[in-house]
Amino acid sequence: MSRIPVADRHLVLPRVEDLEIVVMLFDRVVDSLQTAIGHCRAGDIEARCHALTAAAEAIGDLAEGIEPGSADEWSTRTAALYADILRRIAIANTRNDADQIGHALRLVTPVHLSWRTLLARAEQSRLTEESAPRLAVA
């Protein structure tokens, strides 16, 4: 795990590899929702369904990362966010509602960008650690 200084303390980051998986899943959610909006507006029901299913599956994969039974604020709010996004995806799919998809996209985008920023910081921290001179211990 990497440490990033934050004010008077350090933030402990997950492994870069784990962050890459989270960002990849969020990329899939965003791309799928954007694709679904286009299909919804074009009236391509089958393609819209496939895109929304891909987004829902990726949200489900992200939700699996929340510790079952966690009552901390982050877990509770994140689980509620994912549930809201999934609800909007279901509504959009049954009503062919591009506005619901757009709302889900607006909900997920700031979280996606935050995870991307966290990944960039972790990668920079890892590069800094790898390039630091090492002292030989005799």
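The values are calculated or read from the model by the stated rules, or taken from the named source; none is laboratory data. These numbers come from a predicted model, not from an experiment. A quick note on method: Cβ atoms are made from the backbone with ideal geometry, for glycine too, and the neighbour counts reach across all protein chains shown.
Say whether the condition of being modelled with pLDDT under 95, in a helix (DSSP H, G or I) and touching a helix residue (DSSP H, G or I) at 6+ places or on another chain (Cβ under 6 Å) is met by at least one residue in the range 46-56. So that I can check it myself, show each step before the final result.
The first filter runs over the range 46-56 and keeps only residues modelled with pLDDT under 95, leaving none.
Taking every residue of the range 46-56 in turn, none turns out to be modelled with pLDDT under 95, in a helix (DSSP H, G or I) and touching a helix residue (DSSP H, G or I) at 6+ places or on another chain (Cβ under 6 Å).
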Are any of the residues in the range 60-68 part of a helix (DSSP H, G or I) and either farther than 21 Å from Trp115 by Cβ or over 13 Å from the mean Cα position of the chain (by Cα) (or both)?
-> no
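Checking the structure you have, find out if any residue of the range 119-138 is buried (at least 18 other Cβ atoms within 10 Å of the Cβ), part of a helix (DSSP H, G or I), touching a helix residue (DSSP H, G or I) at 6+ places or on another chain (Cβ under 6 Å) and modelled with pLDDT under 95. Working first, answer last.
First pass over the range 119-138, keeping only residues buried (at least 18 other Cβ atoms within 10 Å of the Cβ): 119, 122, 125.
Filter once more, keeping what is part of a helix (DSSP H, G or I): 119, 122, 125.
Narrowing the set further to residues that are touching a helix residue (DSSP H, G or I) at 6+ places or on another chain (Cβ under 6 Å) leaves 119, 122.
Those left that are additionally modelled with pLDDT under 95: 119, 122.
Yes, there is a match, as at least one residue in the range 119-138 is buried (at least 18 other Cβ atoms within 10 Å of the Cβ), part of a helix (DSSP H, G or I), touching a helix residue (DSSP H, G or I) at 6+ places or on another chain (Cβ under 6 Å) and modelled with pLDDT under 95.
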